[in-house]
1. If each of GLN197 and ALA170 carries a label point 7 Å out from its Cα toward its Cβ, how far apart are those two points in nm?
2. Tell me the label-point distance for the pair SER68, ALA20, using the 7 Å Cα-to-Cβ offset, in nm and rounded to one decimal.
3. Please report the spacing between the Cα centers of the stretch 99-146 and the stretch 166-205 in Å, no decimals.
4. For the stretch 256-261, in order, what is each residue's ³J(HN,Hα) by Karplus, 6.51 cos²θ - 1.76 cosθ + 1.60 with θ = phi - 60°, in whole Hz (x at glycine and Pro)?
5. Give me the number: length gained by fully extending LYS60 to LEU162, i.e. 0.36 nm times residue separation minus the C-alpha to C-alpha distance, one decimal in nm.
6. Among ASN44, ASN146, ASN191, which one moves the most in a GNM of the chain with springs linking Cα atoms closer than 10 Å?
7. Grab every C-alpha pair in the stretch 130-299, bin the distances at 10 angstrom width from 0 up to the longest one, and report whole percents.
8. Calculate, for GLN225 and GLN128, the FRET efficiency according to 1/(1 + (r/R0)^6) with r their C-beta to C-beta distance and R0 25 Å; round to the nearest 0.05.
Amino acid sequence: MNSQIWCQGKLVLDAGIDWAQSRAAHYGDGCFTTGVVRQGAWLNGQAHLARMDWQMARLKFAPVGYDSWMDAIEPALAASKAYQQPLVIKLWAIRQGSLGYQPSPNSAANIMVSISPMPAGYESDIVQRKMKSIALGVCQTPATENAALAGIKHLNRLDCVLARAEVAEAGWDEGVMLDQHQQLVCATQGNLVWYVQSQFFSPLLLRSGVAGLGLQTWQSAATTQPWHEVSTTVEAMMDAECVCVCNGVRGIQWVDSIELSQTSPLGKGKVITKFNNKQWPDSARKLAEDWHNQWLKAFMGAPALTVRQ
């Protein structure tokens with residue numbers, strides 16, 4: 001299928017948007033969220049709307065009412081019914097107004113929605129999805145630090161773009177991003193999670209990074225084990241029994257190996273393979289599969305967005 005885009009509920013071909021003069025094109029002035037739509041239902045969609053409300057308040061946009069959100073989203077939900085397979089749905093808000101850094105007070109937004117194919121390898125029905133294993137490397141591109149924007153999935157993702165280029169050049173599946181202080185932040189397209197002595201850990205996102213809904217879904221499902229958000233180095237993560245990347249579209253991906261940076265005290269460019277699931281004992285393999293099933297159950301059970309009756 002070809003991607004389809006709507007603006008304010010109208011197909012972009014009919015919407016008359018002047019992209020060259022948009023604040024998104026000039027300044028990355030807006031925010032977005034990305035999820036999964038299946039046969040007219042945006043899975044976990046209510047959480048995505050709550051996320052957009054939170055992000056837009058942080059960015060000082062005028063609030064958007066529920067009916068206005070749905071007026072913009074429903075054409076995409078209806079269009080997704082034509083496809084048997086799940087699709088990626090993206091919702092983003094672009095600040096209205098003239099060019100120049102200074103925005104209008106309490107700015108309104110143009111609301112954009114798109115649907116497109118799932119990433120390669122994820123075309124099968126999401127309820128039958130199996131947990132995937134990936135190879136990580138530590139990127140040289142640092143995650144941008146700005147406490148005022150930490151947690152927000154804003155439109156300026158140039159640090160992730162440059163880091164993702166490193167991933168492709170090195171032949172990894174994903175990349176680990178550190179901040180300027182060499183502290184763990186995230187993967188290029190997801191949140192990091194590791195497991196040590198029956199406890200979950202993930203990076204503390206006070207200065208950079210995105211508060212991912214995939215991670216929040218997992219945290220809400222894993223209520224029987226302690227979960228800690230910490231500031232630490234990638235080397236400290238090497239004590240983990242298992243490392244994963246979590247993403248709201250891809251789900252949980254376990255990590256087979258991590259290639260360290262050239263400056264790591266554990267060894268320049270050393271590849272750590274202790275996480276390879278082929279070397280796991282049966283108990284660890286079962287644990288990882290339980291995580292995936294936990295996440296999938298919480299994801300599928302969360303309130304969806306559907307066309308209003």
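1. With each label placed 7 Å out from Cα toward Cβ, I get 2.9 nm.
2. Calculated label separation equals 2.9 nm.
3. Taking the Cα centre of the stretch 166-205 as reference, the centre of the stretch 99-146 is 16 Å away.
4. Ordered by residue, 3J(HN,Hα) equals 7, 8, 10, 8, 6, 6 Hz.
5. That pair, LYS60 and LEU162, stretches by 33.9 nm at full extension.
6. Top of the fluctuation ranking is ASN146.
7. In order of increasing distance, the bins hold 10, 42, 38, 10, 0 percent.
8. On the way: r = 26 Å, r/R0 = 1.05.
According to the calculation, E is roughly 0.45.
FYI, it's all coordinate maths here, none of it is from the lab. Being a predicted model, the structure only gives us computed values, none of them experimental. Glycine gets a Cβ as well: all are built from the backbone with ideal geometry, and neighbour counts include every protein chain shown.
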